[in-house]
Amino acid sequence: MIVRKVNAKSIITKSNIPGIDFVINPYIGCQHACIYCYAEFMKRFTGHVGDSWGEFLDVKHCNWDKIRPEKYNGKTLLFSSVTDPYTPLEVKYENTRSVLEKLIGTKASVQILTKSDLVVRDLDLFKQFDDIQVGISINSLNEEFVRVIEPRASKPLDRLKSLRTISKEGVPTYVFVSPIFPKISDWQSIIDAALPITDDFRFENLNFRRHNVSRIMDLVASKHPELSEFFTQIMRHPSMWDEIEEDIEAYCSLRKIRCKIEFHHGGFSKTK
Ligand code: SF4
C-alpha cells in the first residue's frame, strides 16, 4: 500500500451529483478496492496513472479550522463520492472524524455512506448533528462473493451490525443496495435483514464502465458462468434493467418500504 500525505486547498467541494450540493472526500484512492468502482478515473487527475486502484491512499491535509459549519446551512453534504470515508486507514489518520468535528453546528443535511463497520466509531459525533443520515452500501449477504468484489470492505453482516447500533441511538439510517449484480445480488434478503434497522432503502444497478467491464466479466465467468451471456446482454441493452426495477418496486410496495431507485440506464439515471 502506497500512502502519502498531500496538501489540499479544501476538502469540501461542489458536487454535480443530483440532490447533493457538496461532497467531502478526505482521501484520494480507496483501500476497499471494489472491482466495479467507478472512482478509478481519479487516478488520471491525481498522479496515480499506473498504480492499482486500492493499492494507494493519499491522505489529504488541510487547515481544518477553515471549515465554517454555517457556510453549508440549507445545503446537502455527502461523505464521500470517490473514496470511502471509513477506508481502513481512517483508524490512523482520522480525516473523516476531523471534518465531522468541524461541521458540528451546521444546519446542512449531512449524509454518510460507507462499506465499513468503522462508521460506528463516530456515533458520538453523529448524535450532535441536527440533520444527518448514516447509510451503508451493501449488495450481497454472500460473504464469499463480497470478499471477491469488495476485498477490503467490512463483511456485510458487520456493516449491518454497526448500522443497528447507530440506529438504536436514534440517528436516522438508510441502506443503499448497490451495486446490484443482476441475478446475483440477493436484494430481497438484504431488505429482510435490514428492515428491523431502517425502512429507508435506495437501490442502484451495476454501472458498466470501460475500466471495469473486463473485471466484472471475468468474475461472472469464474463464479457464475451460466450468467455470462446474460451480463453481456444487459450491458448492451440497459432497458433489461427495467424488469429488475419493477420487481424491486413491487416488493417494496408490498412491504410498505420507502424505496428510491437510482438506476443508470445507459449512462443516465432516472431517479424516482
Ligand atoms: S468503497 Fe466505494 S470508493 Fe471505495 S473502492 Fe469501493 S466503490 Fe470505490
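Since every read-out is calculated from the coordinates, none of them should be taken as a lab result. Worth saying up front: this structure is predicted, and the values here are computed from it rather than measured. Cβ coordinates were reconstructed from backbone atoms using ideal geometry, including for glycine residues, and neighbour counts include every protein chain displayed.
Once you measure Cβ to Cβ distances between cysteines in the chain, which Cys have no partner under 4.7 Å?
Cys30, Cys62
Working from Cα positions, state the angle (0 to 90°, nearest 10) between the long axis of helix 213-223 and the longest principal axis of the chain.
For helix 213-223, the angle is close to 60 degrees.
Straight distance only, please: which aspartates and glutamates reach the Cα of Lys66 with their own Cα at less than 13 Å, same-chain residues fewer than 8 apart left out?
Cross-link targets: Glu101.
List every residue whose amide H lies under 5 Å from the amide H of Ile180, counting only residues 5 or more places away in sequence or on a different chain, with H placed 1.01 Å from N in the peptide plane.
The answer is Glu204, Asn205, Leu206.
At 37 °C and a viscosity of 0.692 mPa s, what translational diffusion coefficient does Stokes-Einstein give for the chain, taking Rh as the Kirkwood radius over Cα pairs? Give it in µm²/s as a whole number.
Translational diffusion coefficient: 170 µm²/s.
Only counting other Cβ atoms within 10 Å, I'd like Trp64, Trp53 sorted with the fewest neighbours first.
Trp64, Trp53
What pairs from Lys14/Lys43; Lys43/Lys155; Lys92/Lys168; Lys60/Lys183; Lys9/Lys115; Lys60/Lys223 go past 31 Å between their alpha carbons?
Pairs exceeding 31 Å: Lys60/Lys183; Lys60/Lys223.
So what's the angle, to the nearest 10 degrees on a 0 to 90 scale, between helix 156-168 and the longest Cα principal axis of the chain?
Compared with the principal axis, the helix lies near 50 degrees.
To test your reading of the geometry: what angle, between 0 and 90 degrees and rounded to tens, separates the Cα axis of helix 241-255 from the longest principal axis of the chain?
70 degrees
Cross-link candidates for Lys71: which aspartates and glutamates have Cα within less than 14 Å, leaving aside residues fewer than 8 places away along the same chain?
Answer for Lys71, where 14 Å is the Cα cut-off: Asp21, listed by chain and number.
What is the set of long-range amide H partners of Leu113 at a cut-off below 5 Å, with H atoms built 1.01 Å from backbone N?
Phe79, Ser80, Gly135
Among the DSSP beta bridges whose two residues both lie in the range 140-272, what percent are antiparallel, rounded to the nearest 5?
10 percent
Using the C-alpha atoms of the range 107-227, what convex hull volume per residue, in cubic angstrom, is computed?
Expressed per residue, the convex hull around the Cα atoms of the range 107-227 is 107 Å³.
Can you bin every Cα-Cα distance in the range 1-134 into 5 Å intervals starting at zero and give me the percent of pairs per bin, rounded to whole numbers?
All Cα pairs, binned at 5 Å, distribute as 2, 10, 21, 24, 21, 13, 6, 2, 0 percent.
For Thr198, Thr96, Thr76, what ranking results if the residue with the fewest other Cβ atoms within 10 Å of its Cβ goes first? Don't skip to the answer; put the middle values down first.
Details: Thr198 23, Thr96 28, Thr76 17.
Lowest count first: Thr76, Thr198, Thr96.
Taking θ = phi - 60°, what integer Hz values does the Karplus form 6.51 cos²θ - 1.76 cosθ + 1.60 yield along the range 230-238, in sequence order, with x for Gly and Pro?
4, 5, 4, 5, 5, 5, 7, 10, x
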